[in-house]
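Report on the following structure.
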Amino acid sequence: MCRVVDLRQAVLAKNDGAAQALRDELTARGTTVVNLLSSPGSGKTALLERELLLARERSVAVAALTADLATENDAVRLARSGVPVKQVLTDGLCHLEAGMLGRHLDGWLPEDTRLLFVENVGNLVCPAGYDLGESLRVVLASVTEGEDKPLKYPTAFGLAQLVVVTKTDIAQAVEFDEAAFRANVERVNPGVEIVMTSARKGEGLGLLLDRSLAAGAGTGTHTPVMARRQQATGHDHAPVHGHDHGHLHGHGHGHGADHESDHHHHHGPGHAHDHTPAPGADHGHDHGHDHDRDHEHPQVQPAAQTR
Ligand SMILES: Nc1nc2c(ncn2[C@@H]2O[C@H](COP(=O)(O)OP(=O)(O)O)[C@@H](O)[C@H]2O)c(=O)[nH]1
Ligand SMILES: [Mg+2]
């Protein structure tokens, strides 16, 4: 048992080192990483679709990398914005790691990128323990998920530097209790800002972009109590309640459907596809069409193996 804990600590400590190196390298060249965490279906991709367009409109050099267990659906959606987009398929791994991210950025991320949005694999457990070298960690929760989720996922919410509520356009229909949600967030992460958004209506898009850019400038970014505590204890990665810590074990539990395996030695290499538009190509306003992927993204190629 202790060995397992030690092993986890070692894996996480290694990731922390890689994350800090990546953060140093990227900030030195003026690139800010925004790490987006949420459960599947919270609306990460929908929000990003709008956010990328807004960034373009404001002449912010932006790019997006999206990670999923399977399918390139999200990259296809995001690539419509016309900005560089890359899909990472994790082959069973339920989160991204800093080393993986670094390798996927190599040779792909344009030098002048100011803002890189990373859409993490959709779940609130695995990704929470893994720093990706981001300057801003954002946790998203849609109004349909229930106001108690910050309490149920204290690591994901506790380590967030910004909380985004999505789908506010349907808040009334699902009787979202904003005050209760805010109170629960405050309990696990005192002082963190909560931004209300709707990809449908365009609410909050400018605020999220402003906060992302401000994080790059290092101004006024929230430091969660939980992060401070981890730093003070020499990066003690002890889980808050024993389980909420980065790993979902996929075998033999016999309950629940969403047990992606997350064993460091058993997953495949992870691969990626580049949805970066050809120079001069403009897919910027190509909404409302069904896509033929090959047609829309002629540059899609299997990336080099990363492990
Ligand atoms: N009403 C409403 N639905 C949304 C909004 N954003 C996303 N959705 C819907 O929520 C579902 C999941 O969205 P998606 O972006 O794929 O979530 P992801 O899994 O977090 O990337 C889709 O059916 C979206 O149309 C929103 O702002 N308002
Ligand atoms: Mg998505």
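Taken over region 130-148, the residue count meeting the criterion of being within 16 Å of ligand 2 (Cβ to nearest atom), buried (at least 22 other Cβ atoms within 10 Å of the Cβ) and of a type in the set (Val, Ile, Thr) is 2.
Looking only at residues of region 152-162 that are in contact with a helix residue (DSSP H, G or I) (Cβ under 6 Å, 6 or more places away or on another chain) and closer than 12 Å to residue 124 by Cβ, we find that the one that is surrounded by the most Cβ atoms within 10 Å (Cβ to Cβ) is 156. Quick check: is even one residue across region 224-232 under 18 Å from the mean Cα position of the chain (by Cα) and either within 16 Å of ligand 2 (Cβ to nearest atom) or modelled with pLDDT of 80 or more (or both)? Within region 224-232 (the criterion being under 18 Å from the mean Cα position of the chain (by Cα) and either within 16 Å of ligand 2 (Cβ to nearest atom) or modelled with pLDDT of 80 or more (or both)), the answer is yes, since at least one residue qualifies. Reported count of residues in region 64-107, each being away from ligand 1 (no atom under 12 Å from the Cβ), surrounded by fewer than 24 Cβ atoms within 10 Å (Cβ to Cβ) and not in a loop (DSSP other than H, G, I, E, B), is 7.
Restricted to region 47-59, and to residues there that are more than 13 Å from the chain's Cα centre (by Cα) and buried (at least 19 other Cβ atoms within 10 Å of the Cβ), the residue that is farthest from ligand 1 (Cβ to nearest atom) is 55. Tell me whether region 118-125 contains one or more residues that are away from ligand 1 (no atom under 16 Å from the Cβ) and either touching a Gly at 6+ places or on another chain (Cβ under 9 Å) or within 23 Å of residue 212 (Cβ to Cβ) (or both). No: zero hits. Within this structure, residue 241 passes the test of being modelled with pLDDT under 95 and assigned to a loop (DSSP other than H, G, I, E, B). Is it the case that some residue within region 37-46 is at pLDDT 95 or above and hydrophobic (A, V, I, L, M, F, W, C)? Checking region 37-46: at least one residue is at pLDDT 95 or above and hydrophobic (A, V, I, L, M, F, W, C). Close contacts from region 27-50, counting a first residue that is farther than 14 Å from residue 120 by Cα and a second that is part of a strand (DSSP E or B) and of a type outside the set (Gly, Ala, Ser), with Cβ to Cβ under 6 Å and a gap of 6+ residues or different chains, come to 31/116; 32/115. Out of 186, 175, one residue alone is within 16 Å of ligand 1 (Cβ to nearest atom) and either at pLDDT 95 or above or part of a loop (DSSP other than H, G, I, E, B) (or both). It is 175. Selection within region 27-54: residues that are near ligand 2 (Cβ under 9 Å from one of its atoms) and assigned to a helix (DSSP H, G or I). The member of this set that is nearest to residue 138 (Cα to Cα) is 44. Within the bounds of region 221-229, is there any residue that is part of a loop (DSSP other than H, G, I, E, B), farther than 17 Å from residue 151 by Cα, of a type outside the set (Ser, Thr, Tyr) and more than 16 Å from ligand 1 (Cβ to nearest atom)? Yes; the residues of region 221-229 include at least one that is part of a loop (DSSP other than H, G, I, E, B), farther than 17 Å from residue 151 by Cα, of a type outside the set (Ser, Thr, Tyr) and more than 16 Å from ligand 1 (Cβ to nearest atom).
The values are calculated or read from the model by the stated rules, or taken from the named source; none is laboratory data. Note that the structure is a prediction, hence the values are computed from the model and not measured. Positions of Cβ are backbone-derived with ideal geometry, glycine not excepted, and every protein chain shown enters the neighbour counts.
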